[in-house]
Amino acid sequence: MPDPNGFLRYDRRLPARRPVPVRIMDWREVYPPAGEELIREQATRCMDCGIPFCHDGCPLGNRIPDWNDLVRTGNWDAAVESLHATNNFPEFTGRLCPAPCEAACVLGLGGQQPVTIKQVEVEIADAAVARGGLRPQPVPAPTGRSVAVVGSGPAGLAAAQQLARAGHAVTVYERDDALGGLLRYGIPDFKLEKRHVDQRLAQLAAEGVRFRTGVEVGVDVTAEQLRAEHDAVLLACGALQGRDTPETPGRALRGVHQAMAHLVAANRVVAAAGEGKPALATLPDGTPIDAAGRHVVIIGGGDTAADCLGVAHRQGAAGVHQLDLYPEPPADRDAERDPWPTWPWVLRSYPAHEEGGERVFAVAVQEFVDDGTGQVRAVRIAEVTVEKVDGRRIVTALPGSEREIPADLVLLAIGFEGTEEQPLLGQFGVARNGRGAVDARPDWQTGADGVFVAGDMHRGASLIVWAIAEGRAAAAAIHAYLGGAGTLPAPVDPARQPLAAR
Ligand SMILES: Cc1cc2nc3c(=O)[nH]c(=O)nc-3n(C[C@H](O)[C@H](O)[C@H](O)COP(=O)(O)OP(=O)(O)OC[C@H]3O[C@@H](n4cnc5c(N)ncnc54)[C@H](O)[C@@H]3O)c2cc1C
Ligand code: SF4
């Protein structure tokens, strides 16, 4: 039984991050391991609260109090087993999840700091590797049914692993040259070193999952061919259609790019360096895109913007501004607006924000300013107010508030507009809805029989924890569709939304 007084004896503590001057000289992760003593102490803060709201905060329904107590008592093998019972990839969520479970921790209700759930999770995940590696599960007798998974992000990989473990023959098709979706070339190494992705892929391969990289479904192989070769298809193609701002004067100038162009180029350089190959950060057409010595302006306030910030510092930017349309959020939960246990609107500072740069809130770009040669030299911004009227966002510039910020590299990190319009959609006979996503019926099938959808492609740009949860649930639905024996776990249904007051 957990220690009901642990939180009274210990304050919340996280391991110190690597020092900024050291870590911006490399691409390694910013957090060192916590160490057993600290993590056991922190797991002890989890009390026996009776109704663990953290379960509802986590879309995977991770059994958080169970594994906290197993860590507290030093029962690491059982903790590894308990965590993997609900989460295929805790090494990803333990590093990258914003931890809605912590916002729902009952300690927060009494004005205490929540348990460091995510840190305990990553320590358990890493213990699994340290204590003998990610051993493949025994392969069951083949069912004789086969499934194509399109897209190798966390949704596709979670589904593939669940289906392979149920005895189905699974092939994952990925158009990129390497597997992992956004985990591979979207998210930088200082947040997730790619060895974690490679370790997990090796486990999936050993469990029988087949991978075909460099294959764009809809182009290199048609939907018809895929349907002929497989009994069911799961679409997990992500939501990679970057939002743009074509109406802003100067958008076509050189030096103004989508954030993903910058991140993918930088990640490819790091990947090449890991293989001992020199590489330049370039766009697919060879145009250089590197922040070294440049004044960088990042437009947007989310994960993508913070990742661009960390990359810009490591590339040696001369200076970085990060612009946000919205006012600076409060430091603490506003209980009227976002009562516990919902996810609060508060100022979120990522490790990248410790590394430098200036955050500017409540401003909007009025123009990308030309240096006279077709290259951006500045952004002209104005202070703004933002209101919602009939569900529409109205942005009003304050007269006389305009000013210029020097910029020779501008990165648009203003969100995503759903899954990309691509040949695969028409070939399978599925359409994007008004949000650019693909709707699923309650059994995760699209409008096309035997064609399922999961992850960002269904939910819109979201989180890794949701992608894994949807991948697991879609796998359960596919298993039922194929007439598989028993049932697989389905942590969410397609209509499930995050905990919210409104
Ligand atoms: C820069 C950035 C940082 C992020 N940071 C975080 C974070 O810190 N924490 C967090 O929880 N979430 C984060 N996210 C969100 C998270 O990465 C996504 O929610 C998650 O990866 C979605 O998983 P998915 O499997 O649905 O799709 P994706 O990871 O997008 O994978 C989709 C895959 O499908 C492939 N594909 C598409 N079309 C085809 C086709 N026709 N044929 C073959 N393959 C195809 C794509 O190449 C891609 O590999 C971040 C997102 C971005 C952009
Ligand atoms: S996956 Fe995310 S929400 Fe779930 S327990 Fe881990 S950190 Fe919390």
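The values are calculated or read from the model by the stated rules, or taken from the named source; none is laboratory data. Remember, it's a predicted structure, so these values are computed and weren't measured experimentally. All Cβ positions, glycine included, derive from the backbone under ideal geometry; neighbour counts span all protein chains shown. Surface accessibility is based on the protein's heavy atoms, side chains included, excluding ligands, DNA and RNA. Shrake-Rupley method; radii C 1.70, N 1.55, O 1.52, S 1.80 Å.
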Could you grab the pairs with beta carbons closer than 8 Å, sequence gap of 6+ or different chains, first residue in region 138-161 and on the phi > 0 side of the Ramachandran plot, second one more than 16 Å from ligand 2 (Cβ to nearest atom) and assigned to a helix (DSSP H, G or I)? Gly151/Met457
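Val311 - would you say it is surrounded by 20 or more Cβ atoms within 10 Å (Cβ to Cβ), at pLDDT 95 or above and over 21 Å from the mean Cα position of the chain (by Cα)?
Numbers: surrounded by 20 or more Cβ atoms within 10 Å (Cβ to Cβ): yes; at pLDDT 95 or above: yes; over 21 Å from the mean Cα position of the chain (by Cα): no.
In short, no.
List the strands (runs of 3 or more DSSP E) inside region 293-399, counting only whole elements, that have at least 3 residues being of a type outside the set (A, V, I, L, M).
Values: elements: 295-299, 319-323, 358-360, 363-370, 376-389, 392-397.
In region 293-399, 319-323, 363-370, 376-389, 392-397 are the strands (runs of 3 or more DSSP E) which contain 3 or more residues that are of a type outside the set (A, V, I, L, M).
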Just name the residue that is farthest from Thr385 (Cα to Cα) out of those in region 350-374 that are aliphatic (A, V, I, L, M) and crowded, with 17+ Cβ neighbours inside 10 Å. Ala352
Out of Glu247, Glu229, Glu224, Glu216, sole residue that is of a type in the set (Asp, Glu), under 29 Å from Val451 (Cβ atoms), out of contact with any strand residue (DSSP E or B) (no Cβ under 9 Å at 6 or more places or on another chain) and modelled with pLDDT of 95 or more: Glu224
In this structure, is Ala473 aliphatic (A, V, I, L, M), within 16 Å of ligand 2 (Cβ to nearest atom) and either open to solvent by 60 Å² or more (accessible area, probe 1.4 Å) or assigned by the TED database to the domain that holds Ala99 (or both)? no
Being free of Cβ contacts under 8 Å to residues at least 24 places away in the same chain, in the same structural domain as Glu328 (by the TED database) and in contact with a Ser or Thr (Cβ under 7 Å, 6 or more places away or on another chain) narrows it down to one of Glu367, Glu387, Glu383, so name that one. Glu383
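I'd like to check something: does region 415-437 contain any residue that is within 23 Å of Ala362 (Cβ to Cβ) and in contact (Cβ under 8 Å) with a residue 24 or more places away in the chain? If you could, list the steps in order and put the result at the bottom.
So in region 415-437, the residues within 23 Å of Ala362 (Cβ to Cβ) come out as 415-416.
After this cut, where a residue has to be in contact (Cβ under 8 Å) with a residue 24 or more places away in the chain as well, the list is 415-416.
Scanning region 415-437 turns up at least one residue that is within 23 Å of Ala362 (Cβ to Cβ) and in contact (Cβ under 8 Å) with a residue 24 or more places away in the chain.
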Those residues of region 39-59 which are surrounded by fewer than 24 Cβ atoms within 10 Å (Cβ to Cβ), assigned to a loop (DSSP other than H, G, I, E, B) and within 13 Å of ligand 2 (Cβ to nearest atom) amount to Pro52, Phe53
What number goes with the only condition from (1) under 13 Å from Ala205 (Cα atoms); (2) open to solvent by less than 10 Å² (accessible area, probe 1.4 Å); (3) not small (Gly, Ala, Ser) that Arg165 does not pass? (2)
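Looking only at residues that are open to solvent by 40 Å² or more (accessible area, probe 1.4 Å) and within 18 Å of the chain's Cα centre (by Cα) in region 244-267, which one is nearest to ligand 2 (Cβ to nearest atom)?
Of region 244-267, the ones open to solvent by 40 Å² or more (accessible area, probe 1.4 Å) are 244, 246-247, 249, 251-252, 254, 258, 260, 264.
If we keep only those that are within 18 Å of the chain's Cα centre (by Cα) too, we end up with 258, 260, 264.
Details: Gln258: 27, Met260: 23, Val264: 25 Å.
Among them, the one singled out is Met260.
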Conditions: (1) surrounded by fewer than 23 Cβ atoms within 10 Å (Cβ to Cβ); (2) part of a helix (DSSP H, G or I). Pro138 meets all but one. Number of the miss? (2)
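Find the residue count for region 163-189, including only residues that are assigned to a loop (DSSP other than H, G, I, E, B) and of a type in the set (A, V, I, L, M).
In the first step, residues of region 163-189 are kept if they are assigned to a loop (DSSP other than H, G, I, E, B); the result is 166-168, 175-181, 186-189.
Narrowing the set further to residues that are of a type in the set (A, V, I, L, M) leaves 166, 178-179, 187.
Looking only at that region, the number is 4.
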When you scan region 64-113 for helices (runs of 4 or more DSSP H) that lie fully inside it, which ones turn up with 1 or more residues that are hydroxyl-bearing (Ser, Thr, Tyr), within 22 Å of Pro15 (Cβ to Cβ) and touching a Lys or Arg at 6+ places or on another chain (Cβ under 8 Å)? 90-96
